[in-house]
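In what follows, a single structure is set out as structure tokens and then discussed.
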Amino acid sequence: MFMIFIFSLVVICYYICMEFVKPVTPAAPLTGSCPDCAERVESGWLVCPHCRSMLRASCKSCDKIYDLWLQYCPWCGQPKKDVSA
Ligand SMILES: [Zn+2]
Ligand SMILES: [Zn+2]
């Protein structure tokens, strides 16, 4: 009985160790939803592959290009409504 207990302890330790040595999975790309069709879109896409609406525009405040599905300009914090299409 004691041996079974030790054995299960070793197995549990083994799995915990395996969890720690797992290779780090690469971070998923930043995604959002298309402002027109709400389909999933990825950061950096110029147009939505589902409805072909523009996904990127330049910020009126700082002139930098950013994804339209973001609520605010990530560079200066300007709200989306001030973006020129
Ligand atoms: Zn779309
Ligand atoms: Zn900006």
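Matching residues to (1) hydrophobic (A, V, I, L, M, F, W, C); (2) more than 16 Å from ligand 1 (Cβ to nearest atom):
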| position | (1), (2) |
| --- | --- |
| Met1 | yes, yes |
| Gly44 | no, no |
| Cys48 | yes, no |
| Gln78 | no, yes |
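Condition test on Ile65, is it within 30 Å of Pro79 (Cβ to Cβ) and surrounded by 10 or more Cβ atoms within 10 Å (Cβ to Cβ)?
Values: within 30 Å of Pro79 (Cβ to Cβ): yes; surrounded by 10 or more Cβ atoms within 10 Å (Cβ to Cβ): yes.
Taking the combined requirement at face value, the residue satisfies it.
For the stretch 50-64, what are the residues that are more than 16 Å from ligand 1 (Cβ to nearest atom), in contact with a Cys (Cβ under 8 Å, 6 or more places away or on another chain) and not basic (Lys, Arg)?
At the first step, the residues of the stretch 50-64 found to be more than 16 Å from ligand 1 (Cβ to nearest atom) are 58-64.
Right, trim to in contact with a Cys (Cβ under 8 Å, 6 or more places away or on another chain) and you get 59, 61-62, 64.
Within the stretch 50-64, Cys59, Ser61, Cys62 qualify.
Hey, among Ser53, Ser58, Ser33, which residue is within 19 Å of the chain's Cα centre (by Cα), among the polar types (S, T, N, Q) and surrounded by 10 or more Cβ atoms within 10 Å (Cβ to Cβ)?
Values: Ser53 fails: within 19 Å of the chain's Cα centre (by Cα); Ser58 fails: within 19 Å of the chain's Cα centre (by Cα).
Only one candidate passes the filter, namely Ser33.
Restricting attention to the stretch 28-45, and to residues there that are small (Gly, Ala, Ser) and assigned to a loop (DSSP other than H, G, I, E, B), which single residue is farthest from Asp67 (Cα to Cα)?
Filtering the stretch 28-45 for residues that are small (Gly, Ala, Ser) and assigned to a loop (DSSP other than H, G, I, E, B), the one farthest from Asp67 (Cα to Cα) comes out as Ala28.
Coordinate-derived values only; no laboratory data. If you're wondering where the values come from, they're calculated on a predicted model, not measured in any experiment. FYI the Cβ positions are ideal-geometry reconstructions off the backbone, even for glycines, and counts take in every protein chain you see.
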